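Report on the following structure.
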């Protein structure tokens, strides 16, 4: 069955960005002038998914508002002749069919995915974490969908990280796929270990926030009890899939930014700003002067 729907868990509190996230969701923090959550929705749309469910928490109505029409703003922009801005604003509400559902309790990522069952139904679907950005030139999700279509299994995105870093991620124990697979970097998942001790990690393949699941994930989540931190761990449910109908991992190597991390948030902002037609040349010129040993730090140009 063709994948049509995407689920974006976005209910996190964003404590690493306080006080900026005291009154707004972390996924609404702008990367230059576009909220991070919009960039994630655009990624899903580029991969052909036009039905998007965002799992939200309390006091996150701004996410709904962002993807809705804004008649007052549109009327103001039209009256002032700001037609380019008007087109930009209207395009947001036409990106996809965007829905929201509330995760009433913060019971972990696995619970957030389970909340989507009523909307997803008995279909395969994609999960994109709202604070993981993938560069628009990296067709990761499209490759994952192709791997799922070819083998009919759930597919998890994976990236090689340093041995010390693996303790911050779910770690994949991989196994080569004997039969031919058209997607380079595809391996079979034997198991996933959540945040292992670096000396005991089965590999340096870390689970990254993109998934394509068969509907069997919902039954696996129902069979998953609270794990680390008392939360329903998605990795525990993936382990059940791996031991049952099977699950694969697709490795990629670049283009990912964890914008839930302040340093990566800055990296994403700089990288994307440097590529903008309207900002890139001027910003790169300023940046070169700013980082030069002879340049005046903080100088505007």
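Counting only residues that are in contact with a helix residue (DSSP H, G or I) (Cβ under 9 Å, 6 or more places away or on another chain), surrounded by fewer than 23 Cβ atoms within 10 Å (Cβ to Cβ), in a loop (DSSP other than H, G, I, E, B) and in contact (Cβ under 8 Å) with a residue 24 or more places away in the chain, how many does the range 225-256 have?
Selection size over the range 225-256: 7.
Please go through the range 93-106 and give me each residue that is in a loop (DSSP other than H, G, I, E, B) and buried (at least 16 other Cβ atoms within 10 Å of the Cβ), ordered by number.
Those that are in a loop (DSSP other than H, G, I, E, B) and buried (at least 16 other Cβ atoms within 10 Å of the Cβ): 96, 103.
Is it the case that residue 69 is modelled with pLDDT under 95, exposed (fewer than 14 other Cβ atoms within 10 Å of the Cβ) and touching a helix residue (DSSP H, G or I) at 6+ places or on another chain (Cβ under 6 Å)?
Yes, satisfied.
Kindly indicate whether residue 142 is touching a strand residue (DSSP E or B) at 6+ places or on another chain (Cβ under 6 Å) and under 21 Å from residue 215 (Cα atoms).
Answer is no for this residue.
Is it the case that residue 110 is at pLDDT below 95, within 17 Å of the chain's Cα centre (by Cα), within 21 Å of residue 224 (Cβ to Cβ) and crowded, with 17+ Cβ neighbours inside 10 Å?
For residue 110, the condition - at pLDDT below 95, within 17 Å of the chain's Cα centre (by Cα), within 21 Å of residue 224 (Cβ to Cβ) and crowded, with 17+ Cβ neighbours inside 10 Å - is met.
Looking at the structure I just gave you, is residue 39 in contact (Cβ under 8 Å) with a residue 40 or more places away in the chain and in a loop (DSSP other than H, G, I, E, B)?
No: the conditions fail for residue 39.
Looking only at the range 258-278, decide whether some residue is surrounded by fewer than 13 Cβ atoms within 10 Å (Cβ to Cβ), at positive phi and part of a loop (DSSP other than H, G, I, E, B).
No, the range 258-278 contains no residue that is surrounded by fewer than 13 Cβ atoms within 10 Å (Cβ to Cβ), at positive phi and part of a loop (DSSP other than H, G, I, E, B).
In this structure, is residue 129 over 28 Å from residue 262 (Cβ atoms), buried (at least 17 other Cβ atoms within 10 Å of the Cβ) and in contact with a strand residue (DSSP E or B) (Cβ under 6 Å, 6 or more places away or on another chain)?
no
The values are calculated or read from the model by the stated rules, or taken from the named source; none is laboratory data. Not measured: the values here are computed from a predicted model. Neighbour counts are summed over all protein chains in view; Cβ atoms, including those assigned to glycine, are modelled from backbone coordinates with ideal geometry.
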